[in-house]
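The values are calculated or read from the model by the stated rules, or taken from the named source; none is laboratory data. Here the structure is a predicted model, which is why all the values come from computation and not from measurement. Don't worry about glycine lacking a Cβ; one is built from the backbone with ideal geometry, like all the others, and counts go over all protein chains shown.
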Amino acid sequence: MFKLLSFFYYFYFSIVGIYIIFLPKVLSEVGYSASEIGIIFAASPLVRFVLPFLFMRGLHLSANIFKSSLVLIVLSAFSFYFSLENFWMLLFSNVAMGVGMSLVLPYVETIALHSIGKERYGKSRLYGSLGFILVALVLVKFLSSAYVAFDFLLALTFITALVAFRVQQLSQKEENGVDEKLSNDIHLLQDWQLWAGLVLMQMSFGAFYNFFTIYETDHGISLDMTVYLWSFGVFIEVIMFFFQGKLLHFDLLTIVRFTILATTLRWFLVFVYPTDLVVLFFAQSLHALSFALFHSAAISYLFHLYKNKSLAQQLFSGMGYGLGGLSGAMLSGYIYEYYPKYLFLSSSVIAFGAFVFISLWSKRVKKEGVIMD
């Protein structure tokens, strides 16, 4: 299962690499405005945010729904060929992609944590980072038109669907409990400090995921160098994923708070030194903390905090990458259109807000003795 999960992460995050690094730049060159790009790329996070609430109302992320989501991501990737020149069609394609992707990853994450545990999770997940970085280094050499990016997207989506289908089949044979029906023990309003912190953390990434390539090239950094910056951050992330197993034996909330502070510093450095390559590479090295270690610590914490583990992972994706990603994409689009200088300053302020809320949750845990499963 470890090798199969590693293959899944490799191809899944290759798709993410194309989506994040190249598609915003492609749309900008086609003629879309910054606010339009923000709206288009807010579609997928919006879906991620809405879907978990359907499952909180009784819908169950079953094997059949999972398989349907695999078909959907392939069809949505194919639809990009016909929607590039039409804003509303492109928006619909992003919505369809968002539905599929938001169902696939939480399902597989739950399988991974059940099958290989949090200690080995990072060593499997690092293959996703390798896929992300390799597709960036390869595609930058071939990106002669938007349709080249779509060719890569479709091919990788199809392979991802095949591997994910095999993961699901093998998980059923192992009977790891991912499809077990459990009552909802997650109360967002009751645990609002925790979820507000997770949302704000991902919201702070809106400027980075949607506009970092545009931001740096607009400041005179070449596209090749910008890709190297992306790649360096992911390379450091891979190292963290490989060695983080022992770190996850420490208090997970403390790790989450520390990584959020590192993220606050990271965005502030990009704001102050947008053209200083030495500082930019240092800021990118913090991706090891602000993404790799944060992600593993957060999903591990939720996995042990709640009994309905599949729903917990869906909500982390929906509230964090969904609501947080949606808000971050839209806010960063308008900020970059009207106040471009302050794009990453706003991200730094938002990240610090996340630190405040997680700190409040941590104090509550210590005071009330919230018990983890």
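May I ask you to verify whether Leu105 is part of a helix (DSSP H, G or I), closer than 25 Å to Ile236 by Cβ and under 19 Å from the mean Cα position of the chain (by Cα)? Taking the combined requirement at face value, the residue satisfies it. Among residues that are surrounded by fewer than 22 Cβ atoms within 10 Å (Cβ to Cβ), of a type in the set (S, T, N, Q), outside any loop (DSSP other than H, G, I, E, B) and at pLDDT 90 or above, Ser327 is not included.
Condition check ((1) surrounded by fewer than 24 Cβ atoms within 10 Å (Cβ to Cβ); (2) farther than 30 Å from Met225 by Cβ) across all residues:
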{"site": "Ser285", "(1), (2)": "yes, no"}
{"site": "Ile299", "(1), (2)": "no, yes"}
{"site": "Lys307", "(1), (2)": "yes, yes"}
{"site": "Gly322", "(1), (2)": "no, yes"}
{"site": "Tyr334", "(1), (2)": "yes, no"}
{"site": "Tyr342", "(1), (2)": "yes, no"}
{"site": "Leu345", "(1), (2)": "yes, no"}
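Considering (1) touching a residue at least 24 places away in the same chain (Cβ under 8 Å); (2) more than 20 Å from Thr264 (Cβ to Cβ), the lone condition that Gly324 does not fulfil carries the number (2).
If you go through segment 294-314 and keep only what is assigned to a helix (DSSP H, G or I) and over 13 Å from the mean Cα position of the chain (by Cα), you end up with Ala297, Ser300, Tyr301, Leu302, Phe303, His304, Leu305, Lys309, Ser310, Leu311, Ala312. Taking the conditions (1) over 30 Å from His249 (Cα atoms); (2) over 17 Å from the mean Cα position of the chain (by Cα); (3) not hydrophobic (A, V, I, L, M, F, W, C) in turn, Asn94 satisfies each one other than (2).
Meeting the requirement of 2 or more residues that are surrounded by 22 or more Cβ atoms within 10 Å (Cβ to Cβ) and among the polar types (S, T, N, Q), the helices (runs of 4 or more DSSP H) wholly within segment 187-263 are 206-218.
Among the criteria (1) free of Cβ contacts under 8 Å to residues at least 40 places away in the same chain; (2) surrounded by fewer than 20 Cβ atoms within 10 Å (Cβ to Cβ), the one Ser69 does not fulfil is (2). Within segment 258-273, the set of residues being closer than 16 Å to Phe205 by Cα and of a type outside the set (A, V, I, L, M) comprises Thr259, Thr263, Thr264, Arg266, Trp267, Phe268, Phe271. Elements of the type helices (runs of 4 or more DSSP H) sitting completely within segment 22-94 and holding at least 3 residues that are closer than 26 Å to Ala207 by Cβ, out of contact with any strand residue (DSSP E or B) (no Cβ under 7 Å at 6 or more places or on another chain) and modelled with pLDDT of 85 or more: these cover 63-83.
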